[in-house]
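Asker: The following block contains the structure, expressed as C-alpha cells.
Bear in mind these aren't lab numbers, they're just calculated from the coordinates by the rules spelled out. Note that the structure is a prediction, hence the values are computed from the model and not measured. With ideal geometry, Cβ positions are generated from the backbone for all residues, glycine too; neighbour counts draw on all protein chains shown.
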Amino acid sequence: KNQVEQSPQSLIILEGKNCTLQCNYTVSPFSNLRWYKQDTGRGPVSLTIMTFSENTKSNGRYTATLDADTKQSSLHITASQLSDSASYICVVIRRSNDYKLSFGAGTTVTVRA
Amino acid sequence: GAGVSQSPSNKVTEKGKDVELRCDPISGHTALYWYRQSLGQGLEFLIYFQGNSAPDKSGLPSDRFSAERTGGSVSTLTIQRTQQEDSAVYLCASSRRNYEQYFGPGTRLTVT
C-alpha cells in the first residue's frame, strides 16, 4: 500500500475558482513534506517544502497546510488560472538526509475558461 | 543555468529490443536519481548515484535494468530486452548531496 495517498485523483475547475487538494501519509518518522507541480511533458517542480513545525506555507496563489499529528496536508489554489492545469504531487521525506522520497500518485487539475 | 536534461524525449521501441536513456544533471550536483512514472502511479525509485560511492540499485525492477554514471556526471539507464510493462516515463533528477532534487523533463518510453 502506498504510504502517501492523494485525493481527489482528478478535478476540473473553472478559471478564477479555488480548489483544495488532499494528501494523507503514513510515512514515519517524518522530516518534511513537499508539494510538486508537474506540467504535461515536464518533470516535477517544487512548490513548497514544509517541516514538522510548520502549519502553513504560501507560494503565491498556492498555500500548503500540514497537520503532523493527523499526518495530513493540503494544497489550496486560489483564483485558479489556466496555467495551473497540471498534476500536483505530494512527497514525504522520512529523514532530512534521506534520498528515498515517498511519492503520492498525484492529483490532476484541469482549469477551464 | 541549464537544468537537468534528458534524451530522447520520446522513444518507441519494439518488444525485445534494448534501449538507452540519457541524463545530463545540473553541473556541480553530486547526486543523481532515476525514477519511473507509470500512468496513475507515484514515482518509483530506480537507482541513486552519489559521488564515487557505490550506487543504490535497490529499486531496479529486474536484471534487465542497469545504469551507469560516467565521470560523476552523465548517466545512462539501459533496459535490455524491453517488455510492454516497461512502457512509462523515465525521470532523472539531480541534487547537491541529499538536498532538493531537480527533475528533468523525462523520457517517454513506449514498447510495442
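Asker: Evaluate the relative contact order of segment A:1-99 (contact order divided by residue number), counting alpha-carbon pairs under 8 angstrom at least 6 apart; express in whole percent.
Answerer: Taking the mean separation of contacting Cα pairs over the length of segment A:1-99, I get 36 percent.
Asker: List, in order, the whole-Hz ³J(HN,Hα) value for each residue of segment B:99-112 obtained from phi through the Karplus relation with A = 6.51, B = -1.76, C = 1.60 and θ = phi - 60°; use x for Gly and Pro.
Answerer: Couplings: 9, 4, 8, 10, 9, x, x, x, 10, 8, 9, 10, 9, 9 Hz.
Asker: Normalised by the number of residues in chain B, what is the relative contact order in percent for Cα pairs under 8 Å and 6+ residues apart?
Answerer: Relative contact order of chain B: 38 percent.
Asker: So what is the relative contact order for segment A:43-113, in percent, with contacts set as C-alpha pairs under 8 Å and at least six apart?
Answerer: Once normalised by length, the contact order is 22 percent.
Asker: Right, next: Starting from the amide H of residue B:5, placed 1.01 Å from N in the peptide plane, find each other amide H under 5 Å away whose residue is 5 or more places distant or on another chain.
Answerer: B:24
Asker: Moving on to the next point. Among A:80, A:8, A:38, whose Cα projects farthest towards the positive end of the dipole of segment A:1-86, with charges put on the beta-carbon of Lys, Arg (+1) and Asp, Glu (-1)?
Answerer: A:38
Asker: Now for a different question. Across peptide A:38-51, how many C-beta atoms of other chains are within 10 Å of each residue C-beta, on average?
Answerer: For peptide A:38-51, the averaged partner shielding equals 4.
Asker: Can you list the aspartates and glutamates whose alpha carbon is less than 16 Å from that of residue A:71, not counting same-chain residues fewer than 8 positions off?
Answerer: Residue A:71 reaches A:5, A:54.
Asker: Let's test this: bin the Cα-Cα distances of segment A:40-113 at 5 Å from zero up to the farthest pair and state each bin's percent.
Answerer: 3, 13, 23, 26, 19, 10, 4, 1, 0
Asker: Something else: Within chain B, what is the longest stretch that has no GluC sites (Glu not before Pro) placed in a DSSP loop and near at most 15 other beta-carbon atoms within 10 Å?
Answerer: For GluC sites (Glu not before Pro) (loop position, at most 15 other Cβ atoms within 10 Å), the longest site-free span of chain B is B:15-99.
Asker: In this model, which of A:37/B:11; A:100/B:15; A:100/B:57 are farther than 21 Å apart at the alpha-carbon?
Answerer: Over 21 Å apart, Cα to Cα: A:37/B:11; A:100/B:15.
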